[in-house]
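Structure, as structure tokens:
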Amino acid sequence: MTERVKGAFHRNDDINVRRKDRKVRFNMSAYFLFSFIGFGAFFPLLSLHLEESGLSGSQIGTIVSIGPVVAIIAQPMWGMISDRFQNPRLILTICALLTGGIGLGFLLADIAQVGMFFFFACLAAFLSVFHSAMVPLSDSIVLNYVKKKGGDYGFIRLWGAVGYALAVWLAGLLIEATFTAIIFYIFAAALFVSALFVRKMPTEADVPRADIRNGLKELFRIPPYVMFLASTFLVFGTINANNFYFGLYYTAIGGTVAGVGLVFLVAAGSEAPFMLFARKVMNRLGIYQVLMICGLLSSLRWILFYFEPNPGLILALSIIQGLAIGFYIPAAVQLVRELSPDDVKVTGMTIYASFGNGLGTMACTFVGGYVIDAFSITTMYGFFGIASLIGVGLAGISMLLFRRRSNETLTIAGRSK
């Protein structure tokens, strides 16, 4: 075989590899797009359907707070199942299909032979068991792929943010034209479509495991870390709780359901651009300073909500959420990595996620529902504003403890010399 022929074979092989790589990346991006279309149509607008079904604020708060608690228990279980069967693609497909199917179960509430609240609560818990596996598994598949093949994880994952933002907006328009239960059809259809793209995703996943029991002992001996957990519990807990209650608030002050979707479109759509500049801002201002500014901006937004601004101003204020979340998430992840010792960094991230996205969300949505029943939904946002301010104060204490700890370490190192 001549060198020219060999070169032609090599070029054809390279072309085929690149073509296959593009198909894989397309399927991963399409999975994120459609799965987050489902999430965006369902979770932010679920409270509107529950209210329309006759549930009280405390009942709605209880139902939406179930998911984060179940996820804390279910996610380690799915990690063990993935380790046992070594087929994350199959597990992700099953979870996507079952999550979509359970979402359709919300349509059966009127014919269920049990109380409406009990029926919705059981469905929310059951749905969270399977939904909680989807993001960690898909993230691990993509991270493992780009680790081996190269590429930009952020670009692939960005399609999830695009899908979420568009879905809330379009679902709001459809609810205005039809009925609130349309969100369950969109949710199921989008997840069923996402499952089709999972079939052509990579088969390997690289899910780091956390030793929670031993890691807790070591991490809870680090005062700055513990104080930051308390801070993110309040700051990020209220941000996540707002995602469930905002639809009720916006319609209560005279806004439309379509307007709810437009606000989420602007808020979620503005997160990604701010994330692109987060690293530069952290390098200039410092991680703690960025976190406290984000907490103050969130608190300002909730306090303004308490005074019931007009819907047009609320749309403008949605940029604040994009800025706060876009900067807060990268800064918080970086801080947790710096505060956690090398041997428990994975555990440190796991516990941080549990406090902010899990326990914090659960507590704020649960208490928020009771505040709505006892006072009003605007009062709930006043409570959120105070809680966020306390979270900012706790972040400041964490910063002081971190600086003191760093100074003590330098002093000890100096004496040893």
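The values are calculated or read from the model by the stated rules, or taken from the named source; none is laboratory data. Computed from a predicted structure; not experimentally measured. Here the Cβ positions follow ideal geometry from the backbone for every residue, glycine too, while neighbour counts run over all protein chains shown. Side chains included, ligands, DNA and RNA excluded: accessible areas come from the protein's heavy atoms. Shrake-Rupley method; radii C 1.70, N 1.55, O 1.52, S 1.80 Å.
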Check on G385, small (G, A, S), open to solvent by less than 20 Å² (accessible area, probe 1.4 Å) and in contact with an Asp or Glu (Cβ under 8 Å, 6 or more places away or on another chain)
no
Does Y370 satisfy being in a helix (DSSP H, G or I), surrounded by 22 or more Cβ atoms within 10 Å (Cβ to Cβ) and in contact (Cβ under 8 Å) with a residue 24 or more places away in the chain?
no
Odd one out for A413 among (1) farther than 24 Å from A332 by Cβ; (2) at pLDDT 95 or above; (3) of a type outside the set (S, T, Y); (4) more than 24 Å from the chain's Cα centre (by Cα):
(2)
Can you find, within region 304-318, the residue that is farthest from the chain's Cα centre (by Cα) among those that are exposed (fewer than 14 other Cβ atoms within 10 Å of the Cβ) and of a type in the set (A, V, I, L, M)?
L313
Take the conditions surrounded by fewer than 19 Cβ atoms within 10 Å (Cβ to Cβ) and modelled with pLDDT of 90 or more and apply them to Y153. Does it pass?
no
Which one of T365, T350, T361 is under 28 Å from A74 (Cβ atoms), surrounded by 16 or more Cβ atoms within 10 Å (Cβ to Cβ), under 17 Å from the mean Cα position of the chain (by Cα) and modelled with pLDDT under 85?
T350
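Return yes when L389 is more than 21 Å from Y225 (Cβ to Cβ), of a type in the set (A, V, I, L, M) and over 14 Å from the mean Cα position of the chain (by Cα) and no when it is not.
Against the criterion (more than 21 Å from Y225 (Cβ to Cβ), of a type in the set (A, V, I, L, M) and over 14 Å from the mean Cα position of the chain (by Cα)), L389 qualifies.
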Within the set of pairs 6 or more residues apart or between chains, which connect a residue that is buried (at least 24 other Cβ atoms within 10 Å of the Cβ) inside region 35-58 to a residue that is in a loop (DSSP other than H, G, I, E, B) with Cβ atoms less than 8 Å apart?
L45/T180
With G79, G101 as the choices, which residue is open to solvent by 30 Å² or more (accessible area, probe 1.4 Å) and of a type in the set (G, A, S)?
G101
